Every structure is written in C-alpha cells, then in structure tokens.
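Working notes, structure below.
The values are calculated or read from the model by the stated rules, or taken from the named source; none is laboratory data. None of the values given here were measured: they were computed from a predicted structure. Quick reminder, even Gly has a Cβ in these numbers, built from the backbone with ideal geometry, and neighbours come from all protein chains shown. Ligands, DNA and RNA are excluded from the accessible area calculation, which covers all protein heavy atoms including side chains. Shrake-Rupley method; radii C 1.70, N 1.55, O 1.52, S 1.80 Å.
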Amino acid sequence: MTKKMKVIGIGDDGKQSLLPVYEKWIYESDLLVGGERQLSFFKDFTGEKKVIKGGLSSLVSDLEKENRKIVVLASGDPLFYGIGSYLAKKLDVEVYPYLSSLQQAFARMNESWQDAYITSLHGRSIKGLVQKINGKEKIALLTDEENSPSQIARYLRSFGVSEYKAFVAENLGGEQERCAFYSLEELENMEFSPLNVVILKKTSEVKSWTIGIDDEEFHQRKPEKGLLTKKEIRTLSLSELKLSKNSVMWDIGTCTGSVAIEACLIANEGQVFAIEKNDHDLENCRLNMQKFRTDFTVVQGKAPEHLEAFPNPDAIFIGGTAGGMEEILKVCCSRLNKGGRIVLNAVTIENLYQAVECFKQNGFQVTITLSQISRSKPILNLTRFDALNPIYIITAQHKEGE
C-alpha cells in the first residue's frame, strides 16, 4: 500500500455529521470500508464497498495489499475505543474524528467530562466493574447488547450500590435519540436501544474502605473466630506482594476473603482469583465481597485443584495449604510471572522450614519476617496488651537475572 488511507469518524445521523471535505474524500475513494450501518449511509457510492466483519488482523492484511484510494468509516471518534487506534498501529493512516458518543452524552447533560472516569464494557466482561468505579463521582460507561443499562443496574445493585443516578443517552445524533435520568432501581427492568452510553453521577456519600480494614468488619465464623488474616498481618503481607493497580493475584485458602478484598482495593483494575475448600468460609467470603464491593473470582476446592483455570499471576498469597504445601508451591513457582512475588503466612516452625526448602528447591530467593503483634486492651481504668499469635511472613521471588 503506497497511499495513506483516511479513517473518518461519522455520527448516527450519517452524512449530516460530515464536513464537506470529508464527504468529498469518501466519494473520491476507490474502496470504502466500514460497518454495515456506516456503509448504509452511502448507498449512492459507486466504488467498491467492504464490510468489516470478524477479526481486524485479516482486514489489515487485505488493506496492506491495496494500492487504491481507501477511506475507512468509523463510529464517532475512531481513536476512542474504536478501530482507529488499531489501524494506526498497523498501517499508515490519517484520522479525522467526529464527536465521540460520550462527548455528545455529556453535552446533553450540560456536564464537563474531563473529570469523569471512563471505561468500556463493549465486548468485555462486566466482572470487576464495581471495584473500578466505587467511590468515583462521575463515571462514563460504553455499553453493548449484553452489558445493557438494565444489566449494569442489576449488577451494581447486587453490591448494594444505590448512591448514583444514571443518565442514559440512546441513538445520539439520530432521529430516535432519547436522553433521560433514571434511578438504578428504575433501570433494572427497562429496555433501551443497543446504541447507548450510560453516565453515573454520585448523589450521596457512602462508607469507603482503605487498606487495614478492622477484623470485626468482616463476616466470619462465630463463635469460632480466628480463621481470618488479622489486620496487621494482612497489611504487612500485602505490602510484601507489591501489587499495582493492574496486578493479577491468586489467594490460596482465602477463608473469609480478607486478603483478596484488600488486594482488590489496590489492584482495582486488575484481577484476583481465590480458592477456598470450606463451605462456611466460602459463604462468608461472598458476603464480604458484597459488603466491600469487590468482585473477584472465588472457587470452592483444595489447591492445587482449579489453579490451572486461573491466568498466570503477578502475585500469590498463601494463607493455608491444608497439608499439600509442596505440590501447591511447585505449581505456584512454575506459574508466577517474572518479577512476581509469593507471600506465605506460616504459624509453625515446621511449616516455615518446609516452605523455605520448597521455595529454594524451585529456585526462588526467600526473605522471612517474624511478626509478633500485641494489641492494647483496657483493664478497668488501665491498659494492658494482648498478644496475637506470632506469624512468619515468608516472601519468595525469582532470583535476580532469572
């Protein structure tokens, strides 16, 4: 391909959204490429038309061989979650944007949008959305037929989210345009055009959570407390994991889910995968996920079962191994991404020794922190200290250069 192709954004009102020069370029082209909806605006085009279907890699391969004048039509701003960014990386293109759907939606609201959190659910899973948006003042969501406004409302309300009103903008710029505010409760059973965007605006404050959640806040076994990674140990262990906002983490023996939940607060754009064998703990874990608005994957089982279904992690926390430590660590060491870390909590010196030996056999460097925590406790008008069980926090990572 020797001629630079043009990628032109177009609105839902078709030709009316185009500058005269853009329309001129379209009719002067030999090949017009786009989706069926975009191409339908140019029934009188006399050159060849090519409908975009399937993967974009085959489209790029075809366009690379072309030596004709080519125009690619895209919806709205081609570089905003659109085809333009992909084509610009692969081909020599010029991009001419129209207004994005979100620009138009915020204009209908008379709201600025430079301070909005923007994410796309178009062709993507809704899983994890609640922890990404929780607490944000203004959120813009690109949708699709599966992740519709009603599905988004049902999903958010399942985590107790009620502090937002939703602005739904349909068919922006077209004859069937409709824009209105709704409560999330109203949205649950409504139907909308597939061409829509959703903007959430916070109308009230709710409790937010940060690292170091008090133990008493978690649903846990009663009166048999203790099957919970204590706040201080949790905080130290998470600091050792070195999570980023996009990290993928495993939590093995998640119990009430306390570490996984706080990991989600850090890696809110990432993914957390947890496994737990006990029914009662699993039930508490799910209740805690709802309470703290964290949406991670948790399965019932005994590791290393089910770990093959998890993607390779950047970090692994091991709160319990139920006697299968050697096999579990072998899997974890082989699956951990380069530069990642494994943190294991051990209570006994026997487990400490076994863990360190297993890590070394798998070629990992090991550091150990012995945490001996005491908490203040009132006694009459005085104060004494109650000691928690000593915990070995074992951190393993790849040897330098490996």
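Points worth noting:
- Residue match in region 269-281 (condition: in contact (Cβ under 8 Å) with a residue 40 or more places away in the chain, outside any loop (DSSP other than H, G, I, E, B) and buried (at least 23 other Cβ atoms within 10 Å of the Cβ)): no
- Considered as a group, the residues in region 74-101 that are part of a helix (DSSP H, G or I) and without any contact (Cβ under 8 Å) to a residue 60 or more places away in the chain include one that is nearest to Ile8 (Cα to Cα), and that residue is Ser85.
- Selection count, region 211-244, where residues are of a type in the set (Gly, Ala, Ser) and part of a helix (DSSP H, G or I): 2
- Positions within region 325-348 being closer than 24 Å to Lys399 by Cα and exposed (fewer than 13 other Cβ atoms within 10 Å of the Cβ), in sequence order: Ser334, Lys338, Gly339
- Residue selected from region 188-210 under the condition free of Cβ contacts under 8 Å to residues at least 40 places away in the same chain and either part of a strand (DSSP E or B) or over 23 Å from the mean Cα position of the chain (by Cα) (or both), by the criterion nearest to Val259 (Cα to Cα): Asn189
- Condition broken by Val60, with the remaining ones in (1) within 17 Å of Gly173 (Cβ to Cβ); (2) outside any strand (DSSP E or B); (3) not aromatic (Phe, Trp, Tyr) satisfied: (1)
- From the list Ala355, Ala396, Ala322, the lone residue that is part of a loop (DSSP other than H, G, I, E, B) and either touching a residue at least 40 places away in the same chain (Cβ under 8 Å) or within 23 Å of Ile233 (Cβ to Cβ) (or both) is Ala322.
- Filter result (part of a strand (DSSP E or B) and closer than 19 Å to Thr294 by Cβ) within region 113-140: Tyr117, Thr119, Ile139
- Pairing each residue of region 167-178 that is at positive phi with any residue that is among the aliphatic types (A, V, I, L, M) and open to solvent by 30 Å² or more (accessible area, probe 1.4 Å), provided the two are 6+ apart or on different chains, yields C-beta distances under 9 Å for Asn171/Leu195; Gly173/Leu99.
- Residue under evaluation Glu217, criteria (1) loosely packed, with under 12 Cβ neighbours inside 10 Å; (2) over 23 Å from the mean Cα position of the chain (by Cα); (3) modelled with pLDDT of 95 or more, criterion not met: (1)
- In region 297-332, the residues that are in contact with a His (Cβ under 9 Å, 6 or more places away or on another chain) and either hydrophobic (A, V, I, L, M, F, W, C) or closer than 21 Å to Val356 by Cα (or both): Val299
- Residues of region 255-268 that turn out to be part of a loop (DSSP other than H, G, I, E, B) and either in contact with a Leu (Cβ under 8 Å, 6 or more places away or on another chain) or open to solvent by 10 Å² or more (accessible area, probe 1.4 Å) (or both), as a count: 4
- One residue alone among Glu308, Glu224 is at pLDDT 95 or above and of a type in the set (Asp, Glu), and that residue is Glu308.
- With respect to being within 18 Å of the chain's Cα centre (by Cα), under 22 Å from Leu307 (Cβ atoms) and surrounded by 15 or more Cβ atoms within 10 Å (Cβ to Cβ), Val248 fits the description.
- From Arg286, Arg293, residue being among the basic types (Lys, Arg) and surrounded by fewer than 18 Cβ atoms within 10 Å (Cβ to Cβ): Arg286
- Across region 23-39, the number of residues qualifying as crowded, with 18+ Cβ neighbours inside 10 Å and in contact with a Phe, Trp or Tyr (Cβ under 9 Å, 6 or more places away or on another chain) comes to 4.
- Checked against the criterion of being hydrophobic (A, V, I, L, M, F, W, C) and under 26 Å from Ile266 (Cβ atoms), the candidates Phe167, Phe192, Phe159, Phe181 yield just one match: Phe159.
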